[in-house]
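Just below is one structure, and these are the notes that go with it.
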Amino acid sequence: MRVITTIREIMNARAEWSVSQQVGFVPTMGYLHEGHLTLARQARRENDVLITSIYVNPAQFGPREDLNTYPRDLPRDLRLLEEEGVDVVFVPASEEMYPAGFVTYVDPTGALAEQAEGASRPGHFRGVATVVLKLFQIVRPHRAYFGQKDGQQVAVIARMVRDFNLPAQLRILPTVREADGLAMSSRNAYLLGEDRIAARVLYKALQAGRAAFEANPGERASLAAKAIIDMVQAEPRARLDYVEIRDTHDFLLKETLAAPALLLIAAHVGPARLIDNFLLREDGTWDTGIIATSQD
Ligand code: AMP
């Protein structure tokens, strides 16, 4: 496994592989867990060459967010990636990604980028889209792997792939969860003791939303959301940010509980800000599978 820190070296390595070799790419911010490793495993199976990146992208963090405390453990990450058969790990420094004079950003607009997570974290998706486009330009993957865990991010990136006619195929994999349902996240490292137990409320709330749909499809979405909000607010260690039910195509709020919809939740539990989502598919099943691909 090669660990590469410069863009020039990645592009040189990329040029060494024959054009017939399929390149898979898994971008991450490191502090890897089973969610990331599932993406790597799938990418390993589907491609000849597997590149991952580890980069905590400052452009997607707000000024009062956790950029400086975001958990990091590069030696452990490299060990885990080596075990998954990764060929190249790209670990750039910020001077490499955003050198002096960098001024060009991708700024997704509209409900998709500005509502829900976009409203709570202004500029977040601008940072995400910019770094993903830049990484795609550097790595030029045939397939890129993302997790449904960050459902809105998936939708933003899928939109960018279509809008800019990017040649990469997106592969979206289901959310990997802890035994009690908590979505795996590097930020779960912030959860200690009672906070870790309380964090289960996000998953329980999503399950309540699913149950409301199954019991009464067509119900007003705002009523279903209210039941979920009440549930989160009953957990004293949680501070709700939002619960929203949005259409996966236009990302507008749903009037009624109808597919295709994304049930999104964000809440602070102790020092951690957590997000999760369930996808309501057109066939009436709830799932955490593919919400969008570059072929859609
Ligand atoms: P991050 O390091 O948090 O930026 O995540 C890197 C990639 O892993 C993103 O595509 C995430 O959506 C994905 N990911 C993170 N957590 C999970 C999870 N629990 N299950 C599946 N994918 C995940």
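Remarks
- Solvent exposure of the chain as accessible area per residue, Å², 1.4 Å probe: 45
- The lysines whose alpha-carbon is closer than 17 Å to the alpha-carbon of Lys254, local same-chain residues fewer than 8 away aside, are Lys226.
- DSSP beta bridge pairing in the chain, given as percent antiparallel to the nearest 5: 55
- Pair-distance profile P(r), taking every C-alpha pair of region 138-212, with 5 angstrom steps and integer %: 3, 13, 18, 19, 15, 12, 10, 8, 2, 0
- The alpha carbons of region 47-153 occupy a box of 39, 30, 29 Å along the principal axes, longest dimension given first.
- Of all lysines in the structure, the ones whose alpha carbon falls short of 18 Å from that of Lys149, not counting any fewer than 8 places away in one chain, are Lys204.
- Local electrostatic count at Val49 - Lys and Arg +1, Asp and Glu -1, tallied over other residues with Cβ under 14 Å: +1
- Whole-Å semi-axes of the ellipsoid equivalent to region 58-104 (Cα gyration tensor, √5λ, descending): 26, 16, 8
- Packing around the peptides 49-62, 224-237, taken as the average count of other Cβ atoms within 10 Å per residue, puts them in this order, highest first: 49-62, 224-237.
- Label positions at Thr6 and Glu219, each projected 7 Å from the Cα along the C-beta direction, are separated by 6.0 nm.
- Peptide packing for 100-110, 122-132, 5-15 was compared via the average number of neighbouring C-beta atoms within 10 Å per residue; ordered from the highest value, the list is 122-132, 5-15, 100-110.
- Top positive-direction residue, dipole computed over region 21-179 with Cβ charges, set Ala40, Phe164, Ala100: Phe164
- Convex hull volume per residue for the chain, taking Cα atoms only, in Å³: 130
- For region 146-296, radius of gyration divided by Kirkwood radius, i.e. Rg to Rh on alpha-carbons: 0.98
- For region 90-183, the fraction of C-alpha pairs more than 21 angstrom apart is 40%.
- Rule-of-thumb Rg ratio for region 1-115 [Cα; 2.2 N^0.38 Å; N residues]: 1.17
The values are calculated or read from the model by the stated rules, or taken from the named source; none is laboratory data. From a predicted model like this one, the values you see are computed outputs, not experimental measurements. Because the Cβ atoms are built from the backbone with ideal geometry, glycine has one as well, and the counts that use them run over all protein chains shown. Heavy atoms of the whole protein, side chains included, go into the accessibility calculation; ligands, DNA and RNA do not. Shrake-Rupley method; radii C 1.70, N 1.55, O 1.52, S 1.80 Å.
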